[in-house]
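Beneath this line is the structure, given in structure tokens, with notes to follow.
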Amino acid sequence: MKTLENQILSFDNWEQPWTFREFVIQDKTLSDNELNLFNEIWTKGGAYELWNDYDIVLGCKASHSFIAENYNLADKAIANIVRALSYEWK
């Protein structure tokens, strides 16, 4: 899990936030379990039910809370995931 978290935290290309997911999953040091976990977090954290509000801030808060309650990740890693997800919902 630490390798996954480090990869999430190392992303710094916020001028192109749509590249975040590929950046994470293309890391060859991640195990299959870590890749599967990231894909699960990405899918569940980006679920329509969390983002269907007209206010993007509320969607970010809902997604952040969901990920924090269900996965053992540092707050900054969760923030990076939510930030990237938010661009898909704008």
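The values are calculated or read from the model by the stated rules, or taken from the named source; none is laboratory data. Owing to the predicted nature of the structure, the values given are computational and were not obtained by experimental measurement. Positions of Cβ are generated from backbone atoms using ideal geometry, with glycine treated the same way; all protein chains shown enter the neighbour counts. Remember, those area values only see protein heavy atoms, side chains included, never the ligands or the DNA or RNA. Shrake-Rupley method; radii C 1.70, N 1.55, O 1.52, S 1.80 Å.
Here are a few things to note about the model shown:
- Modelled this way, with points 7 Å down the Cα-to-C-beta line, the labels at Asn70 and Asp53 are 1.7 nm from one another.
- Screening the chain for DSSP H helices whose Cα atoms reach 18 Å or more along their own axis and whose mean Kyte hydropathy is at least 0.5 gives 56-70.
- The Cβ shell under 14 Å around Lys2 holds other residues with a net charge of -2, Lys and Arg each +1, Asp and Glu each -1.
- Where the chain is the region considered: accessible area per residue in Å², 1.4 Å probe: 61 Å²
- The accessible surface of the chain, taken with every protein chain in place and a 1.4 Å probe, is 50 percent carbon and sulfur.
- Peptides ranked, highest mean first, by Cβ atoms within 10 Å: ranges 30-41, 70-81, 46-57: 70-81, 30-41, 46-57
- Full-stretch length increase - Lys28, Gln16 - with 0.36 nm per residue and alpha-carbon distance subtracted: 2.2 nm
- About its Cα centre, the range 1-49 has a charge dipole of approximately 60 debye under the convention of +1 per Lys or Arg Cβ and -1 per Asp or Glu Cβ, with nothing else charged.
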